[in-house]
Every structure is written in structure tokens, then in C-alpha cells.
């Protein structure tokens, strides 16, 4: 494993590189390990000045983790161990880091509090129609049955939607998720604040399906608790007061009322064996008449148990099983350039990067800056091959420069002082494209060092950047700009930020994803 300076080969550009082994694009980690990995990733990608987590810290974390897990460990085991070691060191330096990680964890007490509050709310519902007279067409239990049937219908429709729509949290679930993971932000404007802000976004993107399942479990339990509290209150008040059942309606006759109640109370009638009163019995209790409401309460309570409590508990159990599975296997994509760089270092698979300068003799300072850029973009285990400079006018031979097609990536290096020309620079890029292997990519790197030294004017620099972008776009080649000479010197806040920006753009162009 290597995490230091890249291997620099001043060889002909056609030197045969090896092929990196393929890697799975997704790994599954348990929730705690996934949070640790994403936290360390935020420190290593959002801290552009490397003031919080230096290159030496990165190398130490990789070496120490590799020693702990051993050569035969899986990628997931290595990344999880590296994250744990890194967070331990960060926690010793910054006391706010453990607090930020804890703040992103789900708060279990929220679920219990929500269920308890729902039960108390159901228990405190004290009006069954009005006073001690129950209007059998408008009791709270009947409204509860209708509401839950509507929820079940929406859940059933959700099964027909694409998987992304199923996993997307609904507004109420989203609100519960946010309450459960309210993250405290460090003081604004600091590097640590930028890290925590990125961590919050990245983690919620990864954990949203898990939190959606947890929120669904809480909501189902709360619905069951509310129904239980409502039915319990109904019976408790029935011990102290005598409720009378009656009904009244402007539009419905006894036969219509019987049809509606027979359908709504069928589950309770089947469970208790108490038949729904006949049309004549219903006609006899039309207001102002009435009767003792005991059998109506039994039918309502049994129907509530069958339609609300039992299904909601089953749905909560189902959501809990989904939650457990997702908590044990949170998916993190490994096609991100950040993870590819770490895993190459761990497995010892060098990243192949062949640089072909065009009409540009690379100064020593720019060569050193190119090495640093390669380390930052692709990791320390990088085989950087700088081929011979192709002279102006020889662009038609670029397709054969250096011999056989490359297994790795190709970097066309230009000097920004040159005015981009389709007939020369464009032909050079077209020729290099023919040398790519099956998995390699071609990227144009434009060195701004000499141009900035001659013309530091911002407007002229922007115009020159635009010209190079347009040329590269015409050849369907990604274009990256870097001040290689400045990148070779001692790191200041400004140069470190520019180097990190260029490395991020290069990593994206070569491997996709973000740093």
C-alpha cells in the first residue's frame, strides 16, 4: 500500500502500464460504520486548506487501518476501520466532532415520546358526538376508521409506484426524521462549519431511506396508540356515565344508515358476534329517541381494533424489519473518486496516468506541481508517466505517439500562453483519443503558470479559459485548469484551495463523482 509521493516515470509515453482490478460500485456498511466513513470523507473533501486534517493525517489513517485489518480484508472493512481511527484522532483535536456525529444519529426517545403522546391524545378525546349522546353517524371511532382506510389505500397505491417514490419520505415522515436528527452547526464561516454542512447533506442523502422506514414505524405505532387510547377512554367514561346512541340526518333514511353502518361495523360484528342493529332498530333510535349505547360501543371498539390497531401494529412490524435491514446494510457508492483513491492505495493497484505535453517543455516547478496534483486527485499510489513533448505541427502523429493504447488515463498537457487552435490542438486531442484503452479517459490539463505570470489580468485569464473550454468541448474532452508552478510551492490558504479545486476537477474528469 502506498499513500505518499506518486511514482514518477520520465519514460516514453507508451510504456505498458498494468490494469487495475475492477471494484464493486457499492458497499454495504452498518449504520455506525457508514456514519463514521461519511464523517471522515467530509473532513477530507470539504477542508480545502487541509488545516483540520492534513495529508500526513490521511496517510497515517490509511496505513494504520491497513495494518489493523490485514491484506485479506474487504474494502468495506478497511474503510470502516480507517474512519474509526480517523474520527478518534479528530475527536481528540476538536470536541465538537463527536457532538456533530451524535447529533446526526437517530434519537430513539423521539419514537417513544411520539407514541406516548398519541396515546394520551386518544385518551383525552372526551366528546362522543355531544354530551352523553352518541350520534352513531359521527363518533370519533368512525372517523378514525375512515382515516385509516384512506391511509391503507395510499400505501397500496405506493406499491405500484417506482422504488424511488416508495423510499422518498412523505412530508410527515420527513418532519419526524428532521426532528430526530437535528444537527447543531459550528460557528459560521469556519472550516469546521463547512465540513459539518457537507456531512449533514451527504449523510442525509445516504440515510434517508433508513430514516423513512424509522419514521414510518413511529407513525404506525402512534396511530395504533391513538386508537388504543381513544377506545380506552371510551370505556373508562362509559363506566361513570351512561351514553345513549341515536342519529339524525337531513339526507339519509334508516335503510341508508343501516347500509353505511353495516359496512363500517362489519369487522366489529364479525369479531364480537354482535349483529349490526336492523333497519327497524335504527329507525327506532332516530333523534330525539335513543337507546343505551353499550352494543354500539362494543361494535365501534372491535372495529377499531380490527381496522386500526392490528393492521397498524403489523405495518409497524414490517417497517421495523425494513429498518433493521437498512440499518445493517447502508449502501455507499464506491464510484466516487474519493473512495477509488483510497481503495487503490489499500489494494496496491496503481492509477495509470500518462501525460503527453504538446508544444510545452515542462519546467521543474511545474513538474513538481503536477506530481502534487496527481497525488491530490488520484492518491499516492499513482504511476505518473510524463511522455516526450510533441512539437507544434506534429499533432497528426499524436495517435501513434508512444506506441500501444494506454490501459490508464491520458492527460493532454497544454500551456495557457498558447492560443487554442482547432487545426493543431484539436487535432492533437483527436489523435490522443485513439490511444485510449477500454476504461481510460482523456482529459486536457491547461497550465496557467506562465500565462498568469505574463498577464495576471482577471478578464484576460477568463477569456483564455473560455477559449480552451470551447476547443476541448468541440472534441468532447473535459478541460481542467491548474497553476502548476504555484502548486509546487509551500501551501498557503490560497494556493491550497486552488490546488484542491484543480485536483477535484481532475478527479471528477478522470473517474467521475466528487472528491
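The values are calculated or read from the model by the stated rules, or taken from the named source; none is laboratory data. In this text the structure is predicted, and so the values were computed from the model without any measurement. Methodologically, a virtual Cβ is constructed for each residue, glycine included, from the backbone with ideal geometry; neighbour enumeration extends over all protein chains shown.
Hey, among 91, 72, 86, which residue is out of contact with any strand residue (DSSP E or B) (no Cβ under 8 Å at 6 or more places or on another chain), within 19 Å of residue 344 (Cα to Cα) and without any contact (Cβ under 8 Å) to a residue 24 or more places away in the chain?
On the way: 91 fails: within 19 Å of residue 344 (Cα to Cα); 86 fails: without any contact (Cβ under 8 Å) to a residue 24 or more places away in the chain.
On inspection, the qualifying residue turns out to be 72.
If you check 370, 429, 410, which single one turns out to be more than 22 Å from residue 344 (Cβ to Cβ), at pLDDT 85 or above and surrounded by 18 or more Cβ atoms within 10 Å (Cβ to Cβ)? Lay out the reasoning, then the answer.
Numbers: 370 fails: more than 22 Å from residue 344 (Cβ to Cβ); 410 fails: more than 22 Å from residue 344 (Cβ to Cβ).
Result: 429 is the single residue among 370, 429, 410 that is more than 22 Å from residue 344 (Cβ to Cβ), at pLDDT 85 or above and surrounded by 18 or more Cβ atoms within 10 Å (Cβ to Cβ).
Look at residue 378 and say whether it is at pLDDT 90 or above, under 42 Å from the mean Cα position of the chain (by Cα), on the phi < 0 side of the Ramachandran plot and buried (at least 21 other Cβ atoms within 10 Å of the Cβ).
Details: at pLDDT 90 or above: no; under 42 Å from the mean Cα position of the chain (by Cα): yes; on the phi < 0 side of the Ramachandran plot: yes; buried (at least 21 other Cβ atoms within 10 Å of the Cβ): yes.
The answer is no for residue 378.
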| query | So which residues in the range 195-234 are surrounded by 23 or more Cβ atoms within 10 Å (Cβ to Cβ), within 16 Å of the chain's Cα centre (by Cα) and more than 20 Å from residue 328 (Cβ to Cβ)? | reply | 195, 196, 199
| message | Looking at residue 454 and the list (1) out of contact with any strand residue (DSSP E or B) (no Cβ under 9 Å at 6 or more places or on another chain); (2) buried (at least 17 other Cβ atoms within 10 Å of the Cβ), which single condition is not satisfied? | response | (2)
| said: Quick check on my filter: what residues within the range 94-106 are assigned to a loop (DSSP other than H, G, I, E, B) and touching a residue at least 24 places away in the same chain (Cβ under 8 Å)? | reply: 94, 105, 106
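Yes/no matrix, rows are residues, columns are (1) in contact with a helix residue (DSSP H, G or I) (Cβ under 9 Å, 6 or more places away or on another chain); (2) buried (at least 17 other Cβ atoms within 10 Å of the Cβ); (3) at pLDDT 80 or above; (4) not in a helix (DSSP H, G or I):
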{"position": "2", "(1), (2), (3), (4)": "yes, yes, no, yes"}
{"position": "18", "(1), (2), (3), (4)": "no, no, no, yes"}
{"position": "37", "(1), (2), (3), (4)": "yes, yes, yes, no"}
{"position": "43", "(1), (2), (3), (4)": "yes, yes, yes, no"}
{"position": "53", "(1), (2), (3), (4)": "yes, yes, yes, yes"}
{"position": "62", "(1), (2), (3), (4)": "yes, yes, yes, no"}
{"position": "73", "(1), (2), (3), (4)": "yes, no, yes, yes"}
{"position": "80", "(1), (2), (3), (4)": "yes, yes, yes, no"}
{"position": "86", "(1), (2), (3), (4)": "yes, yes, yes, no"}
